[in-house]
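The values are calculated or read from the model by the stated rules, or taken from the named source; none is laboratory data. Model, not experiment: these values are computed from the prediction. When we count neighbours, we look across all protein chains shown, and the Cβ atoms used for this are built from the backbone with ideal geometry, even at glycine.
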Amino acid sequence: MNHSQQLLITGGAGFIGSNLAIALQKRGYHNLTIVDNFSSGAPDLIRGLKNINLIREDITNSGFFDKLKKERFEVIFHQAANTDTTYSNDKAMIFNNVESFRNVLNFAIVSGAKLIYASSAAVYGNGPIPMKEHQKLLPLNSYASSKCMIDKLAKDAIRERNISIIGLRYFNVYGPKEAHKGKSSSMIWQLSRTIKEKKSPRIFKYGLQARDFIYVKDVAEANIRAMESKERGIFNIGTGTTVTFNRIIEILNEIFGTSFQPDYFDNPYNFYQNHTQADTNLASKILKWKSRFSIEEGIKDYFNSIKKETL
Ligand SMILES: NC(=O)c1ccc[n+]([C@@H]2O[C@H](COP(=O)([O-])OP(=O)(O)OC[C@H]3O[C@@H](n4cnc5c(N)ncnc54)[C@H](O)[C@@H]3O)[C@@H](O)[C@H]2O)c1
């Protein structure tokens, strides 16, 4: 492990990027550059971190990477994306996410950097459970389609070029520093906020939708593991287990000392993932990574931060 490596995090002022930056600094990696256009994240999220080189830039702009070429990055963690699965402008979604990735990929190829990027369980849509990396991809919206396109570009580059790429298909991530995401934040954050406001948590009928919720500290750890690994490829990053929205409300009631009953309403979306669950065999065998937090432990750890976040 070479702690003097120069590391670049795109989208590093966002939810997962900021948690990753914190985890890297805790592990002794201090040469961090963050690039973000603050379309969703904000400098506040990384305020406590020292010696960060923070650049405000839109990475769909390829000219930016020409300027960056004189820097020597060993590893790039690409987290930047529009993450709103209900975003109505498909063209803008695809442009933002795919062009960003194309620019980062070209930069990694030219500079010889290792590329670790965020893919998503959204690529599996309502496909068979548990979701395996090689199963058919069934994107339900433009966000998911953008991630399918990115994975295809990555696979082609792994096959055709001598470049180290690891794609991490995050499942449903929750944890500190996600409040800015509003309706794109995790159901755990959204339901906890309603309970804190002393209102009944509203969920789609009848709360049986199930998610493989993964704590953000586990996701940060998966990125660090990927940085240290010599492998290439695309890996699921989930716990391998699921929990229903009804159960999340029970856990939150236990934590907040409340007894709210769910307020069920009709799901207005016809492009909704009803169930996600990762097959984690590849990640554990090849990346040697496994999640550490159960849902109860993750929410408990998160709760200490929720108390501090603005509601
Ligand atoms: N949160 C989840 O549950 C989840 C699940 C699967 C995959 N992911 C992926 O993880 C990554 C991080 O997501 P997040 O949840 O932290 O969301 P986020 O919105 O908090 O972070 C994304 C960051 O990227 C920045 N960004 C967006 N477009 C940009 C551009 N063109 N140029 C520069 N910066 C740009 C935003 O300002 C934001 O800070 C994304 O790629 C997302 O698709 C997240």
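Things to note:
- Looking across the stretch 48-68, just one residue is more than 20 Å from the chain's Cα centre (by Cα) and among the hydroxyl-bearing types (Ser, Thr, Tyr), and that is Ser62.
- Those residues of the stretch 68-87 which are surrounded by fewer than 17 Cβ atoms within 10 Å (Cβ to Cβ) and closer than 24 Å to Tyr29 by Cα, in sequence order: Lys69, Lys70, Glu71, Arg72, Glu74
- For beta carbons closer than 8 Å, sequence separation of 6+ or different chains, a first residue in the stretch 5-24 that is more than 8 Å from the ligand (Cβ to nearest atom) and assigned to a helix (DSSP H, G or I) and a second that is among the polar types (S, T, N, Q) and at pLDDT 95 or above, the qualifying pairs are Leu20/Gln79; Leu20/Asn223; Ala23/Asn223.
- Thr60 being surrounded by fewer than 23 Cβ atoms within 10 Å (Cβ to Cβ), of a type in the set (S, T, N, Q), in contact (Cβ under 8 Å) with a residue 40 or more places away in the chain and within 11 Å of the ligand (Cβ to nearest atom): yes
- Residue pairs whose Cβ atoms lie under 9 Å apart, separated by 6 or more positions or on different chains, with the first residue in the stretch 132-144 and in contact (Cβ under 8 Å) with a residue 24 or more places away in the chain and under 27 Å from Asn89 (Cβ atoms) and the second assigned to a loop (DSSP other than H, G, I, E, B) and aliphatic (A, V, I, L, M), are Tyr143/Ala81; Ala144/Leu137; Ala144/Leu138.
- Looking only at the stretch 69-102, and only at residues there that are more than 9 Å from the ligand (Cβ to nearest atom) and polar (S, T, N, Q), the one that is nearest to the chain's Cα centre (by Cα): Thr85
- Matching residues, the stretch 28-53, being buried (at least 17 other Cβ atoms within 10 Å of the Cβ), more than 7 Å from the ligand (Cβ to nearest atom) and part of a strand (DSSP E or B): Leu32, Thr33, Ile34
- For the stretch 210-220, the criterion of being surrounded by fewer than 18 Cβ atoms within 10 Å (Cβ to Cβ), in contact with a helix residue (DSSP H, G or I) (Cβ under 7 Å, 6 or more places away or on another chain) and in contact (Cβ under 8 Å) with a residue 12 or more places away in the chain is met by none of the residues.
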